[in-house]
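The structure under discussion appears below in the form of structure tokens.
The values are calculated or read from the model by the stated rules, or taken from the named source; none is laboratory data. Since this is a predicted model, take the numbers as computed values, not measurements. Ideal geometry is used to build each Cβ from the backbone, glycine not excepted, and the neighbour counts take in all protein chains shown. Remember, those area values only see protein heavy atoms, side chains included, never the ligands or the DNA or RNA. Shrake-Rupley method; radii C 1.70, N 1.55, O 1.52, S 1.80 Å.
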Amino acid sequence: MLRGSIVVWVLLLLGLALGQDTRVVNILDPSTAYNREVTRLLIWVSVFAALIFIVVTGALTYTVIKFRRRGNEQGEPPQFHGNDRLEIIWTVIPTVIVVIIFGLTAQSMIANARFPAGAMTVKVTGYQFWWDYEYQDLGIRTSNELILPVNKPVIVEMTSEDVIHSWWPASLVGKQDAIPGITTRLHFTPEKEGTYYGQCAELCGASHSRMRFRVIVVSQEQFDRFVEGVKAFQPPAPADPTLARGQQLFNQQCAACHTVQGTASASNRVGPDLSNFGNRTTVGAGLWENTDTYLIPWIKNSPGVKPGSKMPAFPQLSDEDARAIAAYVKSLKIEGLDFEGLPQF
Ligand code: HEC
Ligand SMILES: [Cu+2]
């Protein structure tokens, strides 16, 4: 048993040490009011836990040393029962600690439950294994990477189209389940520009761990450009024969499931909105960098690289055709917007 648990710990530490992805889920990032409350609570709870640990292990150590068997003492030491004073003390102190922690928790919960005034509402819908975003007040849609303006409160209304998911951008706010047929809500105000790592936090199928996302927080000015760009989006006319070929293949093979705004054929919602896919920093719902290295295998064999993906494989596509399609989907972008290179949280 002991050896087993040592092995588990060593493997765990090794796994952490060798972890390729340096972005870790960090609930203590104090960049939103929500997480500052969580951090404050954690510190208080840790202080009390440390105090209890010191007192209990101290008393135990003292007792073991003081009352150990000395020399050739024989038999049981004198026995006694009950000590009212001691029992009252060890009942009252833990009760006081629990009441203090209850008060602090209630205070934080009330602070975090207050819905902000003047917030923007975004509807988040979970699908196996990706996320869709609708900015209801603005009448625009995007997928997988949620773009938000800095210092503006946002209310996230969440639901799911299949099983229960949970939307969790750890450095911004706590997790919230996305449940079919029900709307759940979260709210927060991002205070720092940057790219925030997000993860589905409710086991939802084969690619649950690969159901990630990003929240990209930009200046108000950049956000306005993004909104204008999405509203006015028209796919660019193919600039060369490769792009023309890509567009043609896309309309034949892919338009049945995806939306590309401004096209008649691609207006479907089985998969993510690809209207501004060229501006995405990731492919596969936050999984890989959005480069040909990952995009081309994705297009040819999505379930092969992301088990359980509802996007079918296209084994009939030649390498050249897959490259042409990749070039086309990457050409779908709002010019003058670049979300790469922001600080990462
Ligand atoms: C049967 C519906 C369907 C068809 C056909 C389809 N897709 Fe998809 N596509 C999806 C789904 C569903 C996802 C989300 C998969 C996931 O992340 O789990 C997706 C995801 C994607 C993504 C990643 C988007 C992101 O933000 O990460 C790209 C790019 C993409 N598809 C391109 C294509 C191309 C190109 C074709 C044609 C060769 C195509 N799709 C055909 C359903 C489809
Ligand atoms: Cu999920």
key: With DNA, RNA and ligands ignored, accessible area of residue 90 (1.4 Å probe; Å², nearest 10)   = 150 Å²
Long-range Cα-Cα pairs in region 64-135 (distance over 17 Å), rounded percent = 76 percent
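Tally Lys/Arg at +1 and Asp/Glu at -1 over every other residue whose Cβ is under 13 Å from the Cβ of residue 35; what's the total?
Values: positive: 36, 40, 175, 192; negative: 29, 37, 191.
Residues near residue 35 contribute +1 overall.
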query = Picking from 313, 293, 270, whose Cα lies most toward the positive end of the charge dipole for region 263-329 (charges on Cβ: Lys, Arg +1; Asp, Glu -1)?
reply = 270
key: the chain, accessible surface, carbon-and-sulfur percent (1.4 angstrom probe)   = 62 percent
query = Got a sec? What order do 219, 302 fall in by accessible area at 1.4 Å, biggest, i.e. largest, first?
reply = 219, 302
task = With a point put 7 Å past each Cα toward its Cβ, work out how far residue 265 is from residue 209 in nm, to one decimal.
result = 3.8 nm
task = Round to a whole angstrom and tell me the spacing of the C-alpha centers of region 60-126 and region 260-278.
result = 55 Å
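How much length, in nm to one decimal, is gained on full extension between residue 191 and residue 74, taken as 0.36 nm per residue of separation minus their Cα-Cα distance? Write out the running numbers ahead of the final one.
Numbers: separation 117, 0.36 × 117 = 42.12 nm, distance 6.93 nm.
Computed gain between residue 191 and residue 74 is 35.2 nm.
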Amide hydrogen neighbours beyond the local backbone of residue 140, cut-off 5 Å, H modeled = 135
inquiry  = So, taking all protein chains as they sit and a 1.4 Å probe, how much accessible area belongs to residue 45, in Å² rounded to tens?
reply    = 60 Å²
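Please give the direction-averaged projected area of the C-alpha convex hull for region 251-343, in square nanometres with one decimal. Mind showing how you got there, number by number?
On the way: hull surface 25.4 nm².
Across all orientations, region 251-343 yields a mean hull projection of 6.3 nm².
Under a 1.4 angstrom probe, counting protein chains only, how are 34, 133, 294 ranked by accessible area, largest first? Show your work: numbers first, answer last.
Details: 34 65, 133 0, 294 90 Å².
Largest to smallest exposure gives the sequence 294, 34, 133.
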message = Could you give each residue of region 212-225 its phi-based ³J(HN,Hα) in whole Hz, using Karplus coefficients 6.51, -1.76, 1.60 with θ = phi - 60°, and x for Gly or Pro?
response = 10, 6, 10, 10, 10, 9, 10, 5, 4, 5, 5, 5, 4, 4
request  = Can you tell me the order of 70-80, 278-288 when each peptide is scored by its average per-residue count of other Cβ atoms within 10 angstrom, highest first?
outcome  = 278-288, 70-80
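For each pair in 152/300; 300/333; 306/330; 123/330; 152/231; 152/310, compute the distance between the two Cα atoms and list the pairs where it is over 29 Å. Walk me through the numbers on the way to the answer.
Numbers: 152/300 40 Å; 300/333 22 Å; 306/330 20 Å; 123/330 25 Å; 152/231 20 Å; 152/310 34 Å.
Beyond 29 Å: 152/300; 152/310.
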task = Work out from phi, with θ = phi - 60° and the Karplus expression 6.51 cos²θ - 1.76 cosθ + 1.60, the ³J(HN,Hα) of each residue of region 164-170, listed in order in whole Hz, and give x for Gly and Pro.
result = 7, 10, 8, 9, 9, x, 4
request  = Note the angle between two axes, namely the Cα long axis of helix 84-113 and the longest principal axis of the Cα atoms of the chain, as a number of degrees from 0 to 90, rounded to the nearest 10.
outcome  = 20 degrees
Estimated FRET transfer efficiency when R0 is 51 angstrom, pair residue 54-residue 183 (beta carbons, to 0.05) = 0.65
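Hey, what does the equivalent ellipsoid look like for region 119-345, semi-axes from the Cα gyration tensor as sqrt of 5 times each eigenvalue, largest first, whole Å? Don't skip to the answer; put the middle values down first.
Details: eigenvalues 149, 85, 48 Å².
Rounded to whole Å, the semi-axes are 27, 21, 15.
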note = The long-range amide H neighbours of residue 178, using H built 1.01 Å from N in the peptide plane and a cut-off of under 5 Å, are 165, 166, 167
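Which whole-number percent gives the relative contact order of the chain, counting Cα pairs below 8 Å spaced six or more residues apart? The partial results should precede the final answer.
Working: 581 pairs, mean separation 54.2, N = 345.
Once normalised by length, the contact order is 16 percent.
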key: residue 84 accessible area, assembled protein chains, probe 1.4 Å, Å²   = 120 Å²
ask   = What ³J(HN,Hα) values, in whole Hz, does the Karplus curve 6.51 cos²θ - 1.76 cosθ + 1.60 give for region 58-67 when θ = phi - 60°, with x put for Gly and Pro?
value = x, 4, 5, 4, 4, 5, 4, 6, 5, 9
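Mind checking the dipole of region 194-325: about its Cα centre, +1 per Lys or Arg Cβ, -1 per Asp or Glu Cβ, Debye to the nearest 20?
On the way: 12 positive and 11 negative charges, 71 e Å.
So the magnitude is around 340 debye.
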